[in-house]
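Inspection log for the structure reproduced underneath, given as structure tokens.
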Amino acid sequence: MKNIAVLTSGGDAPGMNAAIRAVTRSALDQGMTVHGVRQGWQGLVDGQFQRLSARDVGGIIQVGGTFLGSARSAEFRQESGRSKALRHLSQAGIDGVVVIGGNGSQSGSFKLSEMGVHVVGVASTIDNDLVGTDITIGADTAINVTLEAIDSLRTTGSSHNRAFLVETMGRDCGYLAMMAGLAGGAEVISTPEYEVPPPEIAARLRAAFERGKTHAIVVIAEGVQENAAKIMAYFEAEREHTGFDLRATTLGHVVRGAPPRAFDRILATRLGVGAVKALSEGTTGVLVGYQKNEVTRTPLSEVVGRTKPVHVELVELARTLAK
Ligand code: F6P
């Protein structure tokens, strides 16, 4: 393996830059040349390559997002788009590709590997919904940003006897909401896997108020049916009296754009190096992830089309501790 490409795809995640840096420098260290692909899969379809040196990836380990850019490419999902990508790869003499991204991105990796290209995926998404890794690059930072918001809302909530609904990202997975809610001592956590209906949220808030609490936090994952807006509408329509004045805050992309914390920088570094190692050993069609403190490889055929749900024991834990 002499000539590799690296791309970031799907939603950006804190730590992607650190992963590009690790891929580039470890590949250069092995005598490979490295091409950065602009704008994810779309850049591969359009042949947007940029040769990367060690200096090109300097000063980015602490920066969120991805300096290569990212996109969700409809064209790459078509056979014709993938054929164009294949042509560009062969014209540039590229014999291996590292794909840093989440579920959708790794489906693309799998398809490309089925076309005979050496492809290795690196698990990166704030959602932490990928099978084949305990944790994905970006999830820890996104949890911490959500947690900071929860802590701030709790403080102002206490001053005003208010309850806050905090909606955070995660697509169809409740991991971010669950972890930030647990760390922030939330009174209620509602996730797609274990959704709490609005009447129960109302009952739990009322009970918290009657126990003498001066604030309450309800964390809502974006993937729940009854999202923050619907819950607010329910409280309005039912004129539920919880004791608290109720407000809602939707965090949205704020949780995705932060500078990566130490955990994500180190994870990205280890997985980036692990991806180059896999390619140099001739391995293809795998996801490089992190399981039980080890950098691991899982066949993409076992990863795509599946998602990892939140553990049921965490739900019980959150409920027990919300006293
Ligand atoms: O997959 C990462 C993620 O941030 C999800 O949590 C969210 O549902 C989605 O991407 C948002 O996508 P977009 O940035 O395209 O709006």
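The values are calculated or read from the model by the stated rules, or taken from the named source; none is laboratory data. The structure displayed is predicted, hence computed values, not measured ones. So basically every Cβ, Gly included, is an ideal-geometry build from the backbone, and we count neighbours across all protein chains shown. Accessible surface areas use protein heavy atoms only, side chains included; no ligands, DNA or RNA. Shrake-Rupley method; radii C 1.70, N 1.55, O 1.52, S 1.80 Å.
A few comments on the model shown:
- Count of region 209-223 residues, restricted to those that are crowded, with 18+ Cβ neighbours inside 10 Å and either touching a Gly at 6+ places or on another chain (Cβ under 8 Å) or acidic (Asp, Glu) (or both), is 8.
- Scanning region 134-167 for residues that are open to solvent by less than 10 Å² (accessible area, probe 1.4 Å), more than 12 Å from the chain's Cα centre (by Cα) and within 16 Å of the ligand (Cβ to nearest atom) yields Thr146, Val166.
- Subset of region 104-128 (residues that are within 16 Å of the ligand (Cβ to nearest atom) and crowded, with 24+ Cβ neighbours inside 10 Å): Ser105, Gln106, Gly108, Ser109, Gly121, Val122, Ala123, Ser124, Thr125, Ile126, Asp127, Asn128
- Odd one out for Gly170, checked against (1) open to solvent by less than 10 Å² (accessible area, probe 1.4 Å); (2) under 21 Å from Thr125 (Cα atoms); (3) in a strand (DSSP E or B): (3)
- Residue check: Gly65 meets all listed conditions (1) in contact (Cβ under 8 Å) with a residue 24 or more places away in the chain; (2) more than 17 Å from Gly10 (Cα to Cα) but one, namely (2).
- In the set (1) more than 16 Å from the ligand (Cβ to nearest atom); (2) under 20 Å from Ala268 (Cβ atoms), the condition left unmet by Ala13 is number (1).
- Segments classed as helices (runs of 4 or more DSSP H), wholly inside region 57-149, with at least 3 members that are in contact with a helix residue (DSSP H, G or I) (Cβ under 6 Å, 6 or more places away or on another chain) and on the phi < 0 side of the Ramachandran plot: 79-91, 103-114
- Failed condition for Leu271, given (1) within 15 Å of Thr125 (Cα to Cα); (2) within 16 Å of the ligand (Cβ to nearest atom): (2)
- Of residues in region 218-268 being within 16 Å of the ligand (Cβ to nearest atom) and polar (S, T, N, Q), the one farthest from Leu153 (Cα to Cα): Gln225
- Listed by first and then second residue, the pairs with beta-carbon distance under 7 Å, at least 6 apart or on different chains, first residue in region 300-323 and modelled with pLDDT of 85 or more, second of a type in the set (A, V, I, L, M) and part of a helix (DSSP H, G or I), are Val310/Met178; Leu314/Met178; Leu314/Leu182; Leu317/Leu182.
- Residues (open to solvent by less than 70 Å² (accessible area, probe 1.4 Å), outside any loop (DSSP other than H, G, I, E, B) and small (Gly, Ala, Ser)) located in region 230-271: Ala233, Ala248, Gly252, Ala262, Ala268
- All positions within region 62-87 that are within 29 Å of Val254 (Cβ to Cβ) and open to solvent by less than 50 Å² (accessible area, probe 1.4 Å): Gly64, Gly65, Thr66, Leu68, Gly69, Ser70, Ala71, Ser73, Phe76
- Qualifying residue in region 173-180 (condition: of a type outside the set (A, V, I, L, M, F, W, C), within 24 Å of Ala216 (Cα to Cα), open to solvent by 10 Å² or more (accessible area, probe 1.4 Å) and free of Cβ contacts under 8 Å to residues at least 60 places away in the same chain): no
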